[in-house]
Amino acid sequence: MAEAKTTTEHAEIRRWVEARGGRPTVVKGTEGRDGEGLLRIDFAEPDEKLQPVDWETFFRTFDDRKLAFLHQDRTADGKESRCFKSSGAMRSVSAARADAGGRERPDA
């Protein structure tokens, strides 16, 4: 079984995402009163539903929401993994998987 790690360290999160060709985004139209939208990491070709943001903006929202980044470096068979999830650092972590495009999606 592959090991998962949890971090709130910005540099570690950025290194992990960029090493896999990802970029920070928010889902268009999900901005709340605070102006912050749903965070996503986009690994695929640009998606029209996702708005690219800079890392400073991404991490401001990440910190405001007290999130943690749960990620896997390698799959069980040793291949590089894109499996990740952002969850509330103070809440219990529910199961999540990355879809084929590598974007975070909660299990239904």
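The values are calculated or read from the model by the stated rules, or taken from the named source; none is laboratory data. Here the structure is a predicted model, which is why all the values come from computation and not from measurement. So basically every Cβ, Gly included, is an ideal-geometry build from the backbone, and we count neighbours across all protein chains shown.
Quick rundown of the values:
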item	result
Qualifying residue in the range 7-14 (condition: among the small types (Gly, Ala, Ser) and modelled with pLDDT of 90 or more)	yes
Per-region count, the range 1-40, residues touching a helix residue (DSSP H, G or I) at 6+ places or on another chain (Cβ under 7 Å), in contact (Cβ under 8 Å) with a residue 40 or more places away in the chain and under 16 Å from ARG65 (Cα atoms)	3
Residues of the range 80-95 that turn out to be hydroxyl-bearing (Ser, Thr, Tyr) and modelled with pLDDT of 50 or more, as a count	3
